[in-house]
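The values are calculated or read from the model by the stated rules, or taken from the named source; none is laboratory data. Owing to the predicted nature of the structure, the values given are computational and were not obtained by experimental measurement. Ideal geometry is used to build each Cβ from the backbone, glycine not excepted, and the neighbour counts take in all protein chains shown.
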Amino acid sequence: MSTRTYRIVSTASAAAYVVAVAALIGLVTISLFLWLGQPWGTINDLSGLAMTLALAPAMLAYYELGGRTPTLLAQAAQATGWLAVLTWAALHALFIAGAVTYDYGAPASGPMALEQVALIVIALWIAGANALAAEWLSWIRWVGVVAGIGSALLGVGLLLGGANHPLSYAGGIGYTLILPIWAFWLARLLGRIAELR
């Protein structure tokens, strides 16, 4: 393993742990927000921001370790995934700052609709990258596929009918429960790969 690959895989392992921990913090804080109100909602939003930004190094590890996709398509997928992460993060930062509002009971519109489109792109990247990764990924790929599809359903549900849409509930399971499980196992796997240096 080259020094460059080692750095990418090691960084991605740490980032995947951040995804897992931030997702679990998000699960706890959204529950506290629904029960007690603020500041738990803001903490939940910040954990979502950290979780999404930490996906970018994991995306790079998938590219570095390879898969079944031709190089040009893999590069296009990598660029699209990173663009979606940055778009989602920028819009969510505006939401946290109060520059953008969102009525969770209504279908997402305006900047929040664009945020959901970015979430769908990220989620489809997760599902696709896991399905097409080379043998290095092992059984974890199927957890990633389910996490990606579930997260995409969340975005679709929020676009179609808001937080109370049936797809939002179904997708919420993938986003809040399966995604952190995938990220945790991915972090462990990437850590083991880095140790093979």
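Scanning region 55-77 for residues that are in a helix (DSSP H, G or I) and touching a residue at least 40 places away in the same chain (Cβ under 8 Å) gives Leu55, Ala56, Pro57, Ala58, Met59, Leu60, Ala61, Tyr62, Glu64, Leu65, Ala77. Scanning region 78-92 for any residue that is part of a helix (DSSP H, G or I), farther than 24 Å from Ala113 by Cβ, modelled with pLDDT under 95 and touching a strand residue (DSSP E or B) at 6+ places or on another chain (Cβ under 7 Å) turns up nothing.
Residues that are in contact with a helix residue (DSSP H, G or I) (Cβ under 7 Å, 6 or more places away or on another chain) and farther than 22 Å from Gly148 by Cα occur in region 77-93; there is at least one.
Criterion first (part of a helix (DSSP H, G or I) and modelled with pLDDT of 95 or more) does Ile96 satisfy it? No, not satisfied. For region 66-75, check the following and say yes or no: at least one residue is at pLDDT 90 or above and surrounded by 14 or more Cβ atoms within 10 Å (Cβ to Cβ). No, the conditions are met nowhere in region 66-75.
Being touching an Asp or Glu at 6+ places or on another chain (Cβ under 7 Å) and surrounded by 13 or more Cβ atoms within 10 Å (Cβ to Cβ) holds for only one residue in Leu119, Leu91, Leu55, and it is Leu91. Against the list (1) farther than 24 Å from Glu115 by Cα; (2) assigned to a helix (DSSP H, G or I), the condition Met1 fails is (2). Among the residues of region 136-168, those identified as closer than 20 Å to Ser109 by Cβ and assigned to a helix (DSSP H, G or I) are Ala152, Leu153, Leu154, Gly155, Val156, Gly157, Leu158, Leu159, Leu160, Pro166, Leu167, Ser168. Going by what's in this entry, would Ala97 be described as under 18 Å from the mean Cα position of the chain (by Cα), small (Gly, Ala, Ser) and farther than 26 Å from Pro166 by Cα? No, not satisfied.
Here's the yes/no breakdown for (1) out of contact with any Pro (no Cβ under 7 Å at 6 or more places or on another chain); (2) within 19 Å of Ile25 (Cα to Cα); (3) touching a residue at least 24 places away in the same chain (Cβ under 8 Å); (4) among the hydrophobic types (A, V, I, L, M, F, W, C):
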{"position": "Gln116", "(1), (2), (3), (4)": "yes, no, yes, no"}
{"position": "Ala129", "(1), (2), (3), (4)": "yes, no, yes, yes"}
{"position": "Val156", "(1), (2), (3), (4)": "yes, no, yes, yes"}
{"position": "Ala170", "(1), (2), (3), (4)": "yes, no, no, yes"}
{"position": "Phe184", "(1), (2), (3), (4)": "yes, yes, yes, yes"}
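Taking first residues from region 137-152 that are buried (at least 20 other Cβ atoms within 10 Å of the Cβ) and partners that are not in a helix (DSSP H, G or I), the Cβ contacts under 8 Å between residues at least 6 apart in sequence or on separate chains come to Arg141/Ala133. Number of residues in region 121-131 that are farther than 14 Å from Leu179 by Cβ and either in contact with a Leu (Cβ under 9 Å, 6 or more places away or on another chain) or among the basic types (Lys, Arg) (or both): the value is 1. Report yes if Gln78 is surrounded by 17 or more Cβ atoms within 10 Å (Cβ to Cβ) and of a type in the set (S, T, N, Q), otherwise no. Yes, satisfied. I'd like to know if region 32-45 contains one or more residues that are more than 23 Å from Arg141 (Cβ to Cβ), touching a residue at least 24 places away in the same chain (Cβ under 8 Å) and part of a helix (DSSP H, G or I). Yes: region 32-45 contains one or more residues that are more than 23 Å from Arg141 (Cβ to Cβ), touching a residue at least 24 places away in the same chain (Cβ under 8 Å) and part of a helix (DSSP H, G or I).
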